[in-house]
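Report on one structure; see the data block that follows.
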Amino acid sequence: MLRRCPLALVTTTIALALVLLTFPAAAGASEPLWTLLKTGGQAVLVRHAVTTPGVGDPPDMRLDDCASQRNLTDAGRAHARRVGEAFRARGIVVDRLLTSPWCRCIETARLAWGPAEVWTPLGNLYGRAERRAEQVREMRALVGERRAGGNLVLVSHGSTISALTGVSPDPAELVIVTPQGGGRFAVAGRVVVP
């Protein structure tokens, strides 16, 4: 005979299940992806770290004026450093580092890995749909290119990474893709550095 569960127990169980589903996979689950990065030849798309509140950019934003943009918070700066430390601790080689021209991406790249090459196709697509096809085409060609040696790291925006991969990353989250040549690639997985 089935017994009735108190409503509080059912509600608590459902709430706990929902909370657990929203957390990233356990740290151990990302170890195969770190191992893949250690072998090299991957492309790593990284969303910039946490910024000041808001969505998109202020209406008067200018790329040549960081003060006119949404920038990293102190927590975002600390997170960017932790991402770089995770790479160094595992001996993961970065052969090339590219960044969006937005200051929050440049700073994320610099704090994690050092000076980066600004690459316009990594620019923010949020509110800029007219650039989407061209930027995705340019990114796809580079990300899908097979490479030997270390990894290619590209620091960009959630909207831009999503347009390319279909993955909507959290701030400072890594989306690892395996190049397959001819502009093709496979998403190997996602890594969150706490």
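For the reader, a short list of remarks on this structure follows.
- Every residue from segment 54-100 that is of a type outside the set (Ser, Thr, Tyr), in contact (Cβ under 8 Å) with a residue 60 or more places away in the chain and in contact with a strand residue (DSSP E or B) (Cβ under 9 Å, 6 or more places away or on another chain): GLY76, HIS79, ALA80, VAL83, ALA86
- Test: residue in segment 173-185 that is small (Gly, Ala, Ser) and either free of Cβ contacts under 8 Å to residues at least 12 places away in the same chain or in contact with a strand residue (DSSP E or B) (Cβ under 8 Å, 6 or more places away or on another chain) (or both): no
- For segment 96-151, filtered to residues that are in contact with an Asp or Glu (Cβ under 7 Å, 6 or more places away or on another chain) and among the hydrophobic types (A, V, I, L, M, F, W, C), the residue that is least open to solvent (accessible area, probe 1.4 Å) is LEU98.
- Unmet requirement for GLU173, which otherwise passes all of (1) open to solvent by 40 Å² or more (accessible area, probe 1.4 Å); (2) of a type in the set (D, E, K, R); (3) under 13 Å from the mean Cα position of the chain (by Cα): (1)
- Of the residues contained in segment 58-65, none is found to be under 19 Å from VAL175 (Cα atoms) and open to solvent by less than 40 Å² (accessible area, probe 1.4 Å).
- Scanning segment 111-160 for residues that are over 27 Å from ARG82 (Cβ atoms) and not in a helix (DSSP H, G or I) gives GLY127, ARG128, GLY144, GLU145, ARG146, ALA148.
The values are calculated or read from the model by the stated rules, or taken from the named source; none is laboratory data. None of these values were measured; they are calculated from a predicted model. Every residue, glycine as well, gets a Cβ built from its backbone with ideal geometry; the counts of neighbours run over all protein chains shown. All accessible areas refer to the heavy atoms of the entire protein, side chains included, with ligands and DNA or RNA removed. Shrake-Rupley method; radii C 1.70, N 1.55, O 1.52, S 1.80 Å.
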